[in-house]
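Quick notes on the structure that follows.
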Amino acid sequence: MTSTSEQRERLAVVGPGAIGATFAAVAQRAGMGAVPLYGRTAVGGITVHPDDGDPVVLAGEVRTAPEHARGPLDWLLLAVKVHQTPDAGHWLRSLCGPETVVVVLQNGVEHRDRVAPYVGSATVLPAVVWCPAEGLDRRTVRLRGVPELTVPDEPAGHRLAELLVPGGAQIHVRPDFHTELWRKMTMNALAALMVLSGRRSGVFRRADVRTLGLALARECMAVAEAEGARLDPAFAEQMVDRLATMPPDMGSSILFDRAADRTLEWDARNGVLCRLGARHGVPTPISDVLVPLLAAASDDPN
Ligand SMILES: NC(=O)c1ccc[n+]([C@@H]2O[C@H](COP(=O)([O-])OP(=O)(O)OC[C@H]3O[C@@H](n4cnc5c(N)ncnc54)[C@H](OP(=O)(O)O)[C@@H]3O)[C@@H](O)[C@H]2O)c1
């Protein structure tokens with residue numbers, strides 16, 4: 001396998017939405033040329049507009065026909081929504097070989113189990129995605145912040161950093177990646193309060209929503225600890241404060257999906273708390289109320 005951007009890794013993105021386009025732009029800026037994009041809607045000229053930088057027009061067009069898959073790749077960046085993974089499985093099957101590293105740019109905590117059925121003996125590298133990005137339409141992505149990932153302290157994690165840092169990404173390689181997953185998971189879980197109130201992060205400035213958010217974050221921490229994550233006792237407060245002090249118009253990908261009447265990632269972001277809580281005997285009374293409402297909103301928005 002090649003290991004530096006000078007050698008032009010063979011890399012492609014499956015799921016060229018807000019996050020997929022963001023990291024295709026990073027790879028393009030790192031000198032990897034026209035990054036192939038595999039999706040379900042054929043568009044060209046996708047442009048990523050960072051708030052603090054110049055726009056990047058992706059040179060690759062979205063390929064939608066299975067016969068246009070050209071594998072095996074060195075690197076596959078998977079950025080479909082969690083519930084879209086089974087439908088994207090055919091891309092994974094045709095683009096992966098034993099030498100491929102599949103970087104899973106998704107929320108939730110179950111990255112490896114989720115993609116394992118589709119990738120054979122390829123290496124799976126879970127990633128925590130920290131940068132907020134919003135697809136304004138299928139060709140326009142607004143990126144708020146530096147493209148930022150946390151990955152496990154494994155050889156593939158270090159190679160990914162070598163590959164993408166030259167394109168302007170921040171890649172944190174962490175030995176206790178499991179805890180990092182749960183830090184992001186807590187933020188994911190809290191975003192349910194934006195979905196159910198129909199508000200962006202400014203909603204956390206309300207005292208009553210802050211109180212509810214704190215209780216939900218503590219519930220998430222209890223499940224996280226049962227799963228072996230090691231979070232600081234002050235973490236719940238820090239996370240709710242972080243949301244309350246963001247620009248009040250900051251959204252979340254699940255809120256954008258709700259606003260567009262699309263299926264929601266409710267199971268990976270909230271349902272998982274009930275599932276894992278039940279497994280460990282950790283009560284999840286708040287999630288037990290929120291999850292059916294999220295699922296109902298996802299099922300039939302009308
Ligand atoms: N956006 C954020 O700020 C953010 C931040 C952190 C983490 N995340 C996580 O990152 C992941 C991706 O989120 P996102 O916001 O980038 O989602 P998104 O904008 O909805 O992008 C998903 C992309 O996948 C495509 N797709 C759907 N089904 C497909 C299939 N069967 N085969 C190939 N492509 C398919 C979609 O195509 P269509 O256009 O045809 O629907 C779209 O281009 C999620 O797990 C999310 O929770 C997002």
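The values are calculated or read from the model by the stated rules, or taken from the named source; none is laboratory data. Predicted model only: the values in this text are computed from it and were never measured. Note that each Cβ is placed from the backbone with ideal geometry, even for glycine, and that neighbours are counted across all protein chains shown. Only protein heavy atoms, including side chains, enter the accessible area calculation; ligands, DNA and RNA are left aside. Shrake-Rupley method; radii C 1.70, N 1.55, O 1.52, S 1.80 Å.
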Average Cα contact separation per residue, the range 5-174, under 8 Å, 6 or more apart, as relative contact order %
24
Against the longest alpha carbon principal axis of the chain, how many degrees, from 0 to 90 and to the nearest 10, is the axis of helix 285-299 turned?
50
Using θ = phi - 60° and the Karplus form 6.51 cos²θ - 1.76 cosθ + 1.60, what ³J(HN,Hα) does each residue of the range 107-120 get, whole Hz, x for Gly and Pro?
7, x, 10, 10, 3, 5, 5, 5, 9, 3, x, 10, 10, x
Cα gyration tensor of the range 177-299, axes a ≥ b ≥ c as square roots of the eigenvalues: rounded (a/c below 1.5), prolate (a/b > b/c) or oblate?
oblate
Charge dipole (the chain, unit charges on Cβ, about Cα centre) - positive-most of 291, 111, 280:
291
At 7 Å along Cα-to-Cβ for each site, give me the label-to-label distance between residue 99 and residue 116 in nm.
2.6
Contour minus Cα-Cα span, residue 280 to residue 226, at 0.36 nm per residue, comes to 18.8 nm
For residue 124, other-chain or 5+-apart residues with amide H closer than 5 Å (H placed, Pro excluded) are 102
For the chain, give the magnitude of the charge dipole about the Cα centre (Cβ charges: +1 Lys/Arg, -1 Asp/Glu; no others), in debye to the nearest 20.
320
Vicinal HN-Hα couplings computed from phi for the range 18-25 (Karplus, 6.51 cos²θ - 1.76 cosθ + 1.60; Hz; Gly/Pro x)
4, 7, x, 5, 4, 7, 5, 5
So for the range 71-162, taking the charge dipole from beta-carbon charges (+1 Lys/Arg, -1 Asp/Glu), which of 98, 124, 145 sits furthest toward the positive end?
145
If amide H atoms are modeled at 1.01 Å from N in the peptide plane, then the residues at a separation of 5 or more from residue 174, or on another chain, having amide H under 5 Å from its own are 151, 153
Tabulate in residue order the Karplus-calculated ³J(HN,Hα) for the range 238-251, using 6.51 cos²θ - 1.76 cosθ + 1.60 with θ = phi - 60°, rounded to whole Hz; enter x for Gly and Pro.
4, 5, 5, 4, 4, 5, 6, 9, 5, x, x, 9, 6, x
How big is the chain by the Kirkwood estimate over distinct Cα pairs, in Å?
19.6
Using label points projected 7 Å from each Cα along Cα→Cβ, tell me how many nm separate residue 296 and residue 173, to one decimal.
4.8
What is the set of long-range amide H partners of residue 63 at a cut-off below 5 Å, with H atoms built 1.01 Å from backbone N?
37, 38, 39
Quick one: accessible surface of residue 179, probe radius 1.4 Å, all protein chains present, in square angstrom to the nearest 10.
10
Segment residue 41-residue 136, extension gain: residue separation times 0.36 nm, minus the distance between their alpha carbons:
32.7 nm
